[in-house]
Amino acid sequence: MLQGYAMNTAGIDNAIGFTSYTYDKVLDLYFAQARFYDANIRRFIAIDPIKDGVNWYAYCGNNPIVFVDPTGLKIEISCEASEAQKEQYKKAIEYLKRSGTFRDLWQKLEDATEIIKITFNSKHDDSYDGAWTIAWDPTSGLKMKDQTSSQSAALGLAHEMGHATQHLDGTYFSFATYNDREIDVLDKYETPIAKQLDEPMRKTPDDVAIMNPVIRMKNSIHYRTTHKRSWTYYIALWNWGKPGVYTKDHNAE
């Protein structure tokens, strides 16, 4: 990110800077596709045309580590997001990027010309509206059919990003049924990402708890797994009578 730093380009032949903005020697400005940045005064000289957020002279919510803006128009998070929600989003993206499948998915969305927006809620509502907007509850986990293990809210975000990718591919509206659309995202994105992150996996979209399939988690990357105890556990007399299965919390801190 160039904002906040004056740069001396004397003796540097490469005109492409960080964020891939091009330096114009004649104007002494950086071309950011939709507006120019002046490194000498450390600010853009025009507002963001999308007018997302409170400060329209900022770049990607002042967070270039998580967000990039290759078109000069795109910003991923809603201007109504609280600091806590932004933090959970950042945590989710950093966690999901441990998965190679998600990194490919993320890059595809980053390379898109469309503006894909993330909005936040606390209503257990994870959805994609078919019009480039994802709704996400950053602490809503999906409870599995075993009633004890749960997927993270981050995985729910990745699932909805999968729907946005279907839209980019031109397939989102072509599925015969809603269930077919869900199965496609499950097979291409959710299940591979869950497997790579050691989270619980669904075999079908309906492989969730019948009653109360969503659960409040401690943060966006918190998930639970269920395990069966080995018979050797019961060699110790003090373990007799204890349940044969147990749950384990991950990333709950």
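With respect to Ser174, is the statement that it is touching a strand residue (DSSP E or B) at 6+ places or on another chain (Cβ under 6 Å), of a type outside the set (Val, Ile, Thr) and assigned by TED's automatic domain parsing to the domain that holds Ser127 true? Let's see the steps before the verdict.
On the way: touching a strand residue (DSSP E or B) at 6+ places or on another chain (Cβ under 6 Å): no; of a type outside the set (Val, Ile, Thr): yes; assigned by TED's automatic domain parsing to the domain that holds Ser127: yes.
Judged against the criteria, Ser174 is not a match.
Quick check on my filter: what residues within the range 96-130 are aromatic (Phe, Trp, Tyr), surrounded by 20 or more Cβ atoms within 10 Å (Cβ to Cβ) and assigned to a helix (DSSP H, G or I)? Don't jump to the end; show me each part of the working.
Just the residues of the range 96-130 that are aromatic (Phe, Trp, Tyr), to begin with: 102, 106, 120, 128.
Going one step further and asking which of them are surrounded by 20 or more Cβ atoms within 10 Å (Cβ to Cβ), we end up with 102, 120, 128.
Listed by number, the list holds a single entry, Phe102.
Of the residues Lys218, Lys228, Lys188, Lys203, only one is more than 28 Å from Gln166 (Cβ to Cβ) and at pLDDT 90 or above; which? Even if it seems obvious, please write down each step before you answer.
Details: Lys228 fails: at pLDDT 90 or above; Lys188 fails: more than 28 Å from Gln166 (Cβ to Cβ); Lys203 fails: more than 28 Å from Gln166 (Cβ to Cβ).
Matching residue, one of Lys218, Lys228, Lys188, Lys203: Lys218.
Taking the range 131-171 only, how many residues are surrounded by fewer than 18 Cβ atoms within 10 Å (Cβ to Cβ), touching a helix residue (DSSP H, G or I) at 6+ places or on another chain (Cβ under 9 Å) and assigned to a loop (DSSP other than H, G, I, E, B)?
3
So Phe175 clears everything in (1) surrounded by fewer than 17 Cβ atoms within 10 Å (Cβ to Cβ); (2) closer than 23 Å to Arg224 by Cα; (3) aromatic (Phe, Trp, Tyr) except one condition, right? Which one?
Only one criterion in (1) surrounded by fewer than 17 Cβ atoms within 10 Å (Cβ to Cβ); (2) closer than 23 Å to Arg224 by Cα; (3) aromatic (Phe, Trp, Tyr) is unmet by Phe175, namely (2).
Conditions (1) touching a strand residue (DSSP E or B) at 6+ places or on another chain (Cβ under 7 Å); (2) assigned to a helix (DSSP H, G or I); (3) touching a residue at least 60 places away in the same chain (Cβ under 8 Å), marked per residue:
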site	(1), (2), (3)
Ala194	yes, yes, no
Asp198	no, no, no
Pro205	no, no, no
Ile215	yes, no, yes
His227	yes, no, no
Thr232	no, yes, no
Lys242	no, no, no
Thr247	yes, no, yes
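Which of the residues belonging to the range 88-112 are polar (S, T, N, Q) and either touching a strand residue (DSSP E or B) at 6+ places or on another chain (Cβ under 6 Å) or touching a residue at least 60 places away in the same chain (Cβ under 8 Å) (or both)? Spell out the reasoning first.
Initially, the range 88-112 is screened for residues polar (S, T, N, Q), giving 88, 99, 101, 107.
Of everything in the range 88-112, those that are polar (S, T, N, Q) and either touching a strand residue (DSSP E or B) at 6+ places or on another chain (Cβ under 6 Å) or touching a residue at least 60 places away in the same chain (Cβ under 8 Å) (or both) turn out to be Gln88, Ser99, Thr101.
For the range 76-94, give me each residue that is of a type in the set (Ser, Thr, Tyr) and over 19 Å from Ala164 (Cβ atoms).
So in the range 76-94, the residues of a type in the set (Ser, Thr, Tyr) come out as 78, 82, 89.
Passing the criteria: only Ser82.
When you scan the range 58-75, do you find a residue that is modelled with pLDDT of 95 or more and aromatic (Phe, Trp, Tyr), even just one? Spell out how you get there, then give the answer.
Within the range 58-75, the first condition is being modelled with pLDDT of 95 or more, and the residues that meet it are none.
Checked against the condition, which is being modelled with pLDDT of 95 or more and aromatic (Phe, Trp, Tyr), the range 58-75 yields no hits at all.
The values are calculated or read from the model by the stated rules, or taken from the named source; none is laboratory data. Note that the coordinates shown come from a computational prediction; the quantities given were computed from them, not determined experimentally. Counting neighbours? That spans all protein chains shown, and the Cβs are built from the backbone with ideal geometry, glycine included.
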